[in-house]
Every structure is written in structure tokens, then in C-alpha cells.
Amino acid sequence: DGGITQSPKYLFRKEGQNVTLSCEQNLNHDAMYWYRQDPGQGLRLIYYSQIVNDFQKGDIAEGYSVSREKKESFPLTVTSAQKNPTAFYLCASTNPGTGSGYGYTFGSGTRLTVV
Amino acid sequence: AQRVTQPEKLLSVFKGAPVELKCNYSYSGSPELFWYVQYSRQRLQLLLRHISRESIKGFTADLNKGETSFHLKKPFAQEEDSAMYYCALVETSGSRLTFGEGTQLTVNP
């Protein structure tokens with residue numbers, strides 16, 4: 001059963017701590033993405049990666065970091081430098097080579113709360 | 001830079017009434033446009049894409065390049081259509097999606 005798995009579903013972080021959100025896909029997709037979803041602001045792109053060992057900043061990359069050491073994995077680290085980290089985080093993947101018309105596949109999300 | 005605008009954050013209609021969710025975009029090239037839907041407690045999923053000119057769950061959307069719009073329409077809304085709807089654009093030279101702010105549709109009985 002192919003898909004994207006995000007973990008954990010809920011995450012609580014103390015101020016000043018770094019946390020890492022996991023995203024794994026078994027769809028053999030080349031490209032992976034991290035979005036942040038806030039009410040009234042839609043989905044904003046944090047980072048994306050189109051191939052292994054390469055990634056680019058999205059529109060709101062400050063305070064976040066990523067790695068893409070394996071095709072199936074694209075973890076996101078929310079650092080202490082992120083001023084307002086409490087949000088819902090979505091991971092997605094697609095295969096640009098097959099045409100972006102097929103759209104993205106999304107994970108079920110991680111809700112991060114800073115306490 | 002590409003941009004997608006959904007002017008209505010909330011939209012409420014009665015069951016059986018027509019519904020139109022507005023989407024406008026700005027992009028200098030020839031874009032590919034999509035509508036995504038997120039039902040309560042479910043994942044965000046693709047509803048339809050303009051290149052396939054399809055109708056999904058009774059919804060259609062036509063790309064109007066003159067007005068730079070991609071409005072989503074359904075002639076008779078159903079209660080199960082209640083969800084958050086996002087319009088999205090991808091530049092033809094790449095794969096990153098730009099999303100609008102979303103419209104929360106509520107269909108009342």
C-alpha cells in the first residue's frame with residue numbers, strides 16, 4: 001500500500017528546543033516538499049527537494065532545516081530560531097518526470113505545539 | 001512571482017444550490033492549475049486539474065487565461081461537499097505548487 005507517512009501525529013516542544021518531523025514515502029517519487037498550514041494563510045512552502053542530496057528553500061525557510069540523504073525520506077527540523085513554530089506541517093511528494101499534472105500526494109500531517 | 005488568490009475564506013450554501021469557489025492567479029508563463037480538497041480529518045487530496053478537463057464529484061473548473069481565473073463550480077451542492085478547498089498552481093518548468101489561502105465550504109441541509 002503506497003503512500004506518505006508522517007510521524008509523529010502530534011508533537012510538543014519546549015521553547016529553545018529543536019525537533020525533527022519525519023516524512024517517509026514508498027511511492028518512488030523523486031520530489032518531496034514540506035508545507036506549513038496555518039488558518040487563513042493556506043499552505044506555505046518551507047523546503048523542497050527534487051532529487052536526493054539536493055534541496056531548495058521555499059518561501060518561509062527561516063528557522064527550518066532539511067536533509068535528503070535517501071529518496072524515500074525527507075525529515076524537517078524545526079529549530080529554536082523559528083519564531084512561531086506552532087502549526088500543522090504537511091509533507092508531500094510527486095514525480096515531476098511523469099508530469100506535474102498528476103498532482104501531489106500528501107501525508108496526514110504533524111501538529112507541532114510549542115509549550 | 002507566482003501567486004494564487006482565493007478571495008473567500010468562508011462560503012456557505014444550502015444543499016441543492018449552485019456553488020462557485022473563486023480562484024485567481026498571477027503567473028507570467030503558462031501555468032498548470034489544480035483544486036485540492038481537505039475533508040474533515042482526512043488528508044489533503046487532489047480534486048481536479050485543468051489539463052484533464054474532467055468533472056470530479058460533480059465539480060468542474062475552467063481555466064480562463066484572459067481573466068487569470070480557475071473558479072470551481074458545482075450546479076447542485078451536497079452536504080458531503082463541505083470541506084476546505086485549495087486552488088494551486090505549478091509552474092510548467094518545475095514542480096513546486098503554490099497554494100491559495102483556502103476556502104472553507106459549508107453546505108447546509
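The values are calculated or read from the model by the stated rules, or taken from the named source; none is laboratory data. Just so we're clear, the structure is a prediction, and the values are computed from it rather than from any experiment. Ideal geometry is used to build each Cβ from the backbone, glycine not excepted, and the neighbour counts take in all protein chains shown.
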Completion exercise
Per the list (1) aromatic (Phe, Trp, Tyr); (2) out of contact with any Lys or Arg (no Cβ under 6 Å at 6 or more places or on another chain); (3) away from every other protein chain (no Cβ under 13 Å), residue check on residue A:74 breaks on (2)
Problem - Filtered residues of segment B:10-31 (kept if surrounded by 12 or more Cβ atoms within 10 Å (Cβ to Cβ) and in contact with an Asp or Glu (Cβ under 8 Å, 6 or more places away or on another chain)) - result: B:15, B:19, B:21, B:22, B:24, B:27, B:31
Completion exercise
Flagged in segment A:17-37 as more than 15 Å from residue B:102 (Cα to Cα) and within 8 Å of another protein chain (Cβ to nearest Cβ), in numbering order, are A:31, A:33
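If you check residue A:36 against the conditions, is it farther than 20 Å from residue B:3 by Cα and touching a strand residue (DSSP E or B) at 6+ places or on another chain (Cβ under 9 Å)? Before you say what the answer is, go through the steps one by one.
Values: farther than 20 Å from residue B:3 by Cα: no; touching a strand residue (DSSP E or B) at 6+ places or on another chain (Cβ under 9 Å): yes.
It is false that residue A:36 is farther than 20 Å from residue B:3 by Cα and touching a strand residue (DSSP E or B) at 6+ places or on another chain (Cβ under 9 Å).
Of all residues in segment A:38-55 being within 7 Å of another protein chain (Cβ to nearest Cβ) and assigned to a loop (DSSP other than H, G, I, E, B), which is modelled with the lowest pLDDT?
Start the filter on segment A:38-55 by keeping residues that are within 7 Å of another protein chain (Cβ to nearest Cβ), which leaves A:40-43, A:45, A:48, A:50.
Remaining after also requiring assigned to a loop (DSSP other than H, G, I, E, B): A:40-41.
Working: A:40: 78, A:41: 82.
Selected residue: A:40.
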Practice task
Can you run down the residue pairs with Cβ atoms below 8 Å, 6 or more apart or on separate chains, where the first is in segment B:11-22 and in contact (Cβ under 8 Å) with a residue 40 or more places away in the chain and the partner is in a loop (DSSP other than H, G, I, E, B) and among the aliphatic types (A, V, I, L, M)?
Solution key: B:13/B:77; B:14/B:77; B:15/B:77; B:16/B:77; B:17/B:77; B:18/B:77; B:19/B:77
